[in-house]
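No lab work stands behind these numbers, since they all come straight from the coordinates. Note that this is a predicted model, so its numbers are computed, not measured. Counting neighbours? That spans all protein chains shown, and the Cβs are built from the backbone with ideal geometry, glycine included.
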Amino acid sequence: MIRRREFVRLLGSAAAWPLAASAQQHAMPVIGVLDSRSPDSIESLLRAFRQGLRETGYVEGENMTVQYQWADNQVDRLPALAAELVRRQVSIIVAIPAVSAIAAKAATATIPIVFIANEDPVSLRLVASLARPGGNATGVNIFTAEVTAKRLHLLRKLLPGMVRLAVLVNPANATSAESTLRDVALAARSGGLQIETLSASTSREIEAIFSKFQRERPDALFVAADAYFYTRRVQLTHLASRHGIAATYAQRGFPEAGGLMSYGTDIMDAYRQIGVYAGRILKGAKPADLPVVQSTKFELVVNAPIARMLGLAVPDTLVALADEVIE
């Protein structure tokens, strides 16, 4: 028979169980994800990010949680969203792309930041140096700006007679747009290409640009490596096919969606790597001591049916260089 004092003690212990569970749940580290896009367009990339976390022993909902902040392609919202993550005192901010990292860096000098940048993070003032970041930020440099000349070289293998090149940039991402135009102009100078700059930051503006091609058609289209354009890859590739435009892109997601060709960093591996870095920081590593990872794996993907539809013969030299030829 349980005495009254023992009964009260047991009752008190039982009442404390939910509180203890709640405290344990609250104590789980929280990763804040700050992204300029919307989640529905990058599901496969998020899976790669979670894979990187799993490799370091973290599973969302089990021993850590994630607070997502999506700007829905409205870059001007990023500073407020970054400030909200700081207010919530998250353990780490994962910021993608570089424009998100800049907003996060402006919002906090103490919370660790892990980023993906398609430009030199030193020139963006995200880190002091690649080998020794020195502050509260580190991440992955995916080198999309640096491979511009290579993208044009590969496009010329398909279109040796190319003269007029249209370059599509996103003015809402001014830093990336400026560097893209600079790099394209530099690479085009030696080849005698005529460059036309096109700007779009909304779906409607993309539609308007392709409608213009009905009157004045370039020989090819160079789509800048921009996070927003990745979310519009289905629209961009379908419009290019409909209007018979040969286009080059920066990630394999475009030819997989029906685009002609892409050359650039293995973006899935980059997302896995930021998951690994986030996990390492949760385990106690300091961003200042984690070198910026410089992508070393680049991939060329060619969509052969789209090439045939455009009346282009894919040369054997290009096939030999390709990591994948989609049939």
Next on the checklist: Filter segment 166-188 down to the residues that are small (Gly, Ala, Ser) and part of a helix (DSSP H, G or I) and list them by number.
Outcome noted: Ala174, Ser176, Ala177, Ser179, Ala185, Ala187, Ala188
Next on the checklist: I'm trying to understand the selection: among the residues of segment 249-289, which are more than 13 Å from the chain's Cα centre (by Cα), in a loop (DSSP other than H, G, I, E, B) and surrounded by 20 or more Cβ atoms within 10 Å (Cβ to Cβ)?
Outcome noted: Gly259, Leu260
Item to check | Matching residues, segment 306-324, being more than 23 Å from Thr265 (Cα to Cα) and not hydrophobic (A, V, I, L, M, F, W, C) | outcome: Arg308, Gly311
Checklist outcome for this item: Given the conditions (1) under 26 Å from Ala117 (Cα atoms); (2) part of a loop (DSSP other than H, G, I, E, B); (3) small (Gly, Ala, Ser), every one holds for Gly191 apart from (1)
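Within segment 207-228, count every residue that is among the aliphatic types (A, V, I, L, M) and surrounded by fewer than 20 Cβ atoms within 10 Å (Cβ to Cβ).
The number of residues fulfilling the criteria is 2.
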Checklist entry - Looking only at segment 194-221, which residues are part of a helix (DSSP H, G or I), in contact with a strand residue (DSSP E or B) (Cβ under 9 Å, 6 or more places away or on another chain) and among the charged types (D, E, K, R)? => result Glu205, Lys212
Checklist entry - Tell me, which residue of segment 229-248 that is among the β-branched types (Val, Ile, Thr) and either out of contact with any strand residue (DSSP E or B) (no Cβ under 8 Å at 6 or more places or on another chain) or in a helix (DSSP H, G or I) (or both) is surrounded by the fewest Cβ atoms within 10 Å (Cβ to Cβ)? => result Val234
